[in-house]
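K.L.:
I'd like to ask you about the structure that follows.
The values are calculated or read from the model by the stated rules, or taken from the named source; none is laboratory data. What you see is a predicted model; the values in this text were computed from it and never measured. Heads up, the Cβs are rebuilt from the backbone with ideal geometry, glycines too, and the neighbour counts pull from every protein chain shown. To get the accessible areas, we keep the full protein, side chains included, count just its heavy atoms, and leave off ligands, DNA and RNA. Shrake-Rupley method; radii C 1.70, N 1.55, O 1.52, S 1.80 Å.
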Amino acid sequence: MDCGEEVSLLRARLSRVKGVRELRFDVARGLMEAEYAPELTSEEEIRAAVESAGMCCEKWTAQPGKRRAGRWESAALWVSGALLACGLALQISQGEGLVETLLAHGHAGAAHHHAMPAAALASYAASILAGASLFWRKAWAALRSLQADMHLLVALSLLGAAVLGEWAEGATLAFLYGLAGRMEAISLERARRSVARLLAVMPAQAWLVHGDHEHRVEAASLKPGAKVRVRAGERIPCDGVVLDGESRVDQSPLTGESVAAEKRAGDEVFAGTLNEGGTLMVEVVRVAEDTRLQRMLRMLEDSGSRKAESERLVERFARRYTPAVLLLALGVAVIPPMAGAGSWSDWLYHGMVVLLIACPCAFVISTPVTVMAALASAARQGVLVKGGAYLEAAGRLKALAMDRAGILTQGEPRLARTEALGEGLEEELRRWQQWRSEQGGGIPLTPKWAEAGGAPAALAEKISGLSEEGCTVAAGPGNSALQAWCDAPLAAARAHVEALRHLGLERIVLLASDPEPAARAAAEAAGIAEYRAELSAEEKAHEIERLQRETGAAAMLGDCVADAAAMRRAAIGISVASPAAEAAQESADVIVAGAALEKVAFLAAHARRTLRVIRQNIALALVLKGAFLAAAAAGKATLWMAVAADTGATLIVTLNGLRLLRPTPHPFRQE
């Protein structure tokens, strides 16, 4: 399945299969999902129905294999090309030039062959048959379903070329259409395989340790609590915690970071990452189906169902475009000869030329291929976008709001001070925490909220005193003390914020749950002029709404459950990929692994580039179609030029979209 028109063909064919309830398609990945009643039909019947439409059907796998029909299709294509070359050589040997052979149009009926040798005619006819073998079943299925797709239009044009005696043009048309179709299919397979490469980093087996011995087992069989040994040069087979050993681990498949991370006892490691140095003993913490890599792949698979607005717009345009061009072709073929402005054969030929422009493949395929390539490329950089709609939204952002901890700070808080509480204040702190629970949570322990919860002045003063040191305040064990936790500012935060401003984000705002001194220190270190402190979860959500009213589309970058409500109300919600942020990830539209601000800067630049490529593709398709329509109206276009224009446009926009598979520099890095 390489074109949106084939979706219509499959839908029409499978709608006649009893028991099929619902069909979903993803052209870019070549995926069809069929929901059916097992008591009424089966996979075999669905597969047979697909094959009757001229396509093959295989069970979906995240790592697609080579197409079964690829070899004979290539053979038929090159046979068609060889026979075309043979026919052209025979005609040229009779004194005709190549250009004259392809551009002469007498249209005197089947008897007119441009003084063509019988051997050349036979070569052209055989070339047409070889080329048509690539798509005749799809054309026949389209005819039975009354679907005027490109396969049927080309088949009708080949028939018309034979009737008009345009054998050289017909053979050229058949070969070029087959060649462009194969190149388009190869380009799409390349894009599909780029996503599948993410799965290739997962090792199939692991060294499971039992006491004083170890043996090889399937990585998928590992259970939490099991211990595995990972030697230098091996990929880590599970999400786990290092028990023993030190090494450098390449986490680029998950985070996109080119520099390996130091790992030692107590550090977390992830499935699919590469152990570059020493031997590590790792305890499994998640089953194979729930590793970060597998969750990333599942989210990437699901992203195809969330289409970008530009993709839906193109599909709506294509539904009106094809019928309009079909009516135009009919008018070109019928109206002028009825008005006595020329012969029927001349205008029938021009009508067939216009007919070949009716296929909207270039429009339909350009956007999903571009989006799929962009999503795959972003995932390899540690930025998982849950759908094309969110990628497009990221390209239109005007503002960014963020939490403080782990984003503007190093994310490694240290206990700076502990202040004991008397029995009376312990009970007051316990009452305050009960009040916070009754409010639904999401309220920080700050001077403002201590007073709002009815805490006595003595407790509020202690909280305020600890807060003045630029720390976050938390209740100690058993509510017997207050603890001040300090988290140092992130040194690179200012450069990241500047990069975001250069990308066009007009406002960058810190929305912190922390006390005012901690929020102010982080904002000043990062060069952020606007900040709000001591915010509850609901207040953050209201701040996001206000920001969007004043500035436009805004993103919310957070790392905890208190940020979830703000993420849901933002144009896009962005969550940090960490165990502590799993609740926030459920509400997020984008998940970033690694340095959060660095990844958001990459996302903004990448999304804007994606939008530029989408606009380029739409403009290219429109310009090429318009130029060819003008040439057809002037009588300067031929059948083979028509198919070259259509399939050429499809190929150009596909290859242009696939440029996004190549990684681009992060906007703040010096290359």
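K.L.:
Leaving out ligands, DNA and RNA but keeping every protein chain, what accessible area does Asp646 have, in Å² rounded to the nearest 10, with a 1.4 Å probe?
P.N.:
For Asp646, solvent-accessible area is about 10 Å².
K.L.:
Quick one: compute the contact order of segment 350-500, relative version, from alpha carbon pairs under 8 angstrom and 6+ residues apart, as a percent.
P.N.:
Computed value for segment 350-500: 25 percent relative contact order.
K.L.:
Determine the shape class of segment 478-573: with a ≥ b ≥ c the square roots of the Cα gyration tensor eigenvalues, call it rounded for a/c under 1.5, and otherwise prolate if a/b is greater than b/c, oblate otherwise.
P.N.:
oblate
K.L.:
For segment 512-630, what relative contact order do you get, as a whole percent, if you take Cα pairs closer than 8 Å and at least 6 residues apart?
P.N.:
The value is 15 percent.
K.L.:
Among 162-168, 330-336, how do they line up from the highest to the lowest mean number of other beta-carbon atoms within 10 Å?
P.N.:
Ranked by mean Cβ neighbours within 10 Å, highest first: 162-168, 330-336.
K.L.:
Amide H neighbours of Thr273 under 5 Å, counting only residues 5+ apart in sequence or on other chains, H built in-plane at 1.01 Å?
P.N.:
Long-range HN contacts for Thr273: Ile236.
K.L.:
When a/c reaches 1.5 or more, the comparison of a/b and b/c decides; with that in mind, is segment 353-498 rounded, prolate or oblate per its Cα gyration tensor?
P.N.:
Prolate.
K.L.:
For labels at Leu156 and Ala553 in the simple 7 Å Cα→Cβ model, what's the distance in nm?
P.N.:
3.9
K.L.:
Hey, for a label at Ala474 modelled as a point 7 Å past Cα toward Cβ, could you say which residues of segment 516-533 have their backbone N under 18 Å away?
P.N.:
Under 18 Å, as judged by backbone N against the label point of Ala474, lie 516, 518-519 of segment 516-533.
K.L.:
A follow-up question, please. Can you give the convex hull volume per residue for the Cα atoms of segment 433-592, as a whole number of Å³?
P.N.:
Dividing the Cα hull volume of segment 433-592 by its residues yields 122 Å³.
K.L.:
Could you give the length gained on full extension between Arg546 and Glu506, defined as 0.36 nm per residue of separation minus the Cα-Cα distance, in nm?
P.N.:
Length gained, Arg546 through Glu506: 12.9 nm.
K.L.:
Which of the pairs Lys263/Lys599; Lys227/Lys599; Lys18/Lys59; Lys59/Lys223 have their Cα atoms more than 24 Å apart in this structure?
P.N.:
The answer is Lys227/Lys599; Lys59/Lys223.
K.L.:
Still on this structure, I have one more. Less than 10 Å Cβ to Cβ from Val242, Lys/Arg counted +1 and Asp/Glu -1: what total charge do the surrounding residues give?
P.N.:
That sum, taken over residues with Cβ under 10 Å, equals -3.
K.L.:
Could you give me D for segment 598-661, from Stokes-Einstein at 20 °C and 1.002 mPa s, where the hydrodynamic radius is the Kirkwood radius over C-alpha pairs? Units µm² s⁻¹, please.
P.N.:
161
K.L.:
With Cβ to Cβ distances under 9 Å as the rule, what net charge do the other residues near Met281 carry (K, R +1; D, E -1)?
P.N.:
Neighbour charge sum, excluding Met281 itself: 0.
K.L.:
Excluding same-chain residues fewer than 8 positions from Lys625, which lysines have a Cα within less than 20 Å of its Cα?
P.N.:
Lys636
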